[in-house]
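Here is the structure we will look at, set down as structure tokens.
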Amino acid sequence: MNRLAGKVTMVTGAGRGIGAAIALAFAREGAAVALAELDIDTARATAERIESEVGGARVLAVRTDVTQSAQVKEAVEHVEASLGPVDVLVNNAGINVFCDPLTMTDDDWRRCFAVDLDGVWNGCRAVLPGMVARGSGSIVNIASTHAFKIIPGCFPYPVAKHGVIGLTRALGIEYAPNNVRVNAIAPGYIETQLTLDWWDSQADPKAARAATLNLQPMKRIGQPQEVAMTAVFLASDEAPFINASCITVDGGRSALYHD
Ligand code: NDP
């Protein structure tokens, strides 16, 4: 409790899934939380849930499309006017774009990078001037184990997620002298709508789910709150010397060569 007391935080894609879990965990730890989300209805629903579960929570839902740099800048200005300077930004919004490289359309390539990489940069660019000026801040980018492991047929999502790690490392080094830390989290399979949709897109969703679970060393996939607990740690003052780094949250899956 209160590991983030007094901090103003902003989480993109916070209407559901991992983003919603991070926003709830931040509020439980005493942070004011801005939910920056494409779908304002899901953001408001998450805000109501947080308010009902966390007494006295300061929560703000802001409609934001992370692909639009001007919208992200405006959202940050709105949050700062309402809640105060942003101490912590979590760039969580992301989409799966899984294609065969040579049949992928230009549009598939562009929409993947627009959300999964440009979206992260747009968030960083909007909060960094204030963080640098204040001499403190923490940015947490939600990458993926696809940032260092490849599954055939999942192109170009892993290319964008590799980019998220590069961006994290570059900005972490660039602004370390200003006491601004930039880190990433690489989740493995986490049970969210994104994952359910992927299973449903397979010829036999039940068999696809069973195959996924069987690949996991812990014989289960992760829960959104298990990523959220790592985000709390990285965002908090408990991780002052962790910078330009990435924490993997995948139950050991990416360390496994084969059974
Ligand atoms: P979900 O699809 O459940 O949630 C993603 C959220 O991001 C949705 O609320 C979505 O809004 C929002 N969003 C999408 N596009 C935009 C945009 N342009 N601007 C603002 N918000 C947007 O995904 P997860 O919670 O599963 O994933 C969250 C992050 O974690 C992503 O970056 C994903 O790549 C990463 N990740 C997830 C894993 C998993 O197994 N679930 C594994 C590894 C990484 P809307 O519903 O309106 O589209």
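The values are calculated or read from the model by the stated rules, or taken from the named source; none is laboratory data. All values derive from a computational prediction rather than experimental measurement. Positions of Cβ are backbone-derived with ideal geometry, glycine not excepted, and every protein chain shown enters the neighbour counts. Just so you know, the surface numbers come from the protein's heavy atoms only, side chains and all, with ligands and any DNA or RNA stripped out. Shrake-Rupley method; radii C 1.70, N 1.55, O 1.52, S 1.80 Å.
Quick check: anything in segment 156-175 outside any helix (DSSP H, G or I), open to solvent by less than 80 Å² (accessible area, probe 1.4 Å) and of a type in the set (S, T, N, Q)?
Checking segment 156-175: not a single residue is outside any helix (DSSP H, G or I), open to solvent by less than 80 Å² (accessible area, probe 1.4 Å) and of a type in the set (S, T, N, Q).
Out of Thr192, Thr230, I need the residue that is open to solvent by less than 40 Å² (accessible area, probe 1.4 Å), touching a strand residue (DSSP E or B) at 6+ places or on another chain (Cβ under 6 Å) and among the β-branched types (Val, Ile, Thr). Which one?
Details: Thr192 fails: touching a strand residue (DSSP E or B) at 6+ places or on another chain (Cβ under 6 Å).
Unique residue meeting the criteria: Thr230.
How many of the residues making up segment 3-39 are over 20 Å from Val127 (Cα atoms) and in contact with an Asp or Glu (Cβ under 6 Å, 6 or more places away or on another chain)?
Residues meeting the conditions: 2.
Can you tell me which residue in segment 195-238 is farthest from Val140 (Cα to Cα), limited to those that are charged (D, E, K, R) and assigned to a loop (DSSP other than H, G, I, E, B)?
Per the criteria, the residue is Asp204.
Can you tell me which residue among Arg220, Arg181 is within 23 Å of the chain's Cα centre (by Cα) and over 30 Å from Leu167 (Cβ atoms)?
Only one candidate qualifies: Arg220.
Applying the selection to segment 137-155, what residues are open to solvent by 40 Å² or more (accessible area, probe 1.4 Å) and in contact with a helix residue (DSSP H, G or I) (Cβ under 8 Å, 6 or more places away or on another chain)?
Hits for segment 137-155 are Phe148, Lys149, Ile150, Ile151.
Do we have Val227 as closer than 30 Å to Gly172 by Cα, in contact with a helix residue (DSSP H, G or I) (Cβ under 8 Å, 6 or more places away or on another chain), away from the ligand (no atom under 13 Å from the Cβ) and of a type in the set (Val, Ile, Thr) here? Steps first, please.
Working: closer than 30 Å to Gly172 by Cα: yes; in contact with a helix residue (DSSP H, G or I) (Cβ under 8 Å, 6 or more places away or on another chain): yes; away from the ligand (no atom under 13 Å from the Cβ): no; of a type in the set (Val, Ile, Thr): yes.
The answer is no for Val227.
Kindly indicate which of Cys124, Cys112 is touching a residue at least 40 places away in the same chain (Cβ under 8 Å), part of a helix (DSSP H, G or I) and within 13 Å of the ligand (Cβ to nearest atom).
None of the others qualify; the one that does is Cys112.
Can you find, within segment 198-227, the residue that is farthest from Cys99 (Cα to Cα) among those that are crowded, with 17+ Cβ neighbours inside 10 Å and among the aliphatic types (A, V, I, L, M)?
Ranking the candidates gives Val227 first.
Considering (1) modelled with pLDDT of 95 or more; (2) open to solvent by less than 20 Å² (accessible area, probe 1.4 Å), say which one Arg253 fails and leave the rest.
With respect to (1) modelled with pLDDT of 95 or more; (2) open to solvent by less than 20 Å² (accessible area, probe 1.4 Å), Arg253 is out only on (2).
Applying the selection to segment 7-30, what residues are farther than 21 Å from Val115 by Cβ and free of Cβ contacts under 8 Å to residues at least 60 places away in the same chain?
Of everything in segment 7-30, those that are farther than 21 Å from Val115 by Cβ and free of Cβ contacts under 8 Å to residues at least 60 places away in the same chain turn out to be Ala27, Arg28, Gly30.
Look through segment 69-97, keep the residues that are out of contact with any Gly (no Cβ under 6 Å at 6 or more places or on another chain) and small (Gly, Ala, Ser), and return whichever of them is surrounded by the fewest Cβ atoms within 10 Å (Cβ to Cβ).
Ala81
This table checks each residue for (1) surrounded by 22 or more Cβ atoms within 10 Å (Cβ to Cβ); (2) away from the ligand (no atom under 16 Å from the Cβ).
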{"position": "Asn2", "(1), (2)": "no, yes"}
{"position": "Gly13", "(1), (2)": "yes, no"}
{"position": "Thr42", "(1), (2)": "no, no"}
{"position": "Cys99", "(1), (2)": "no, no"}
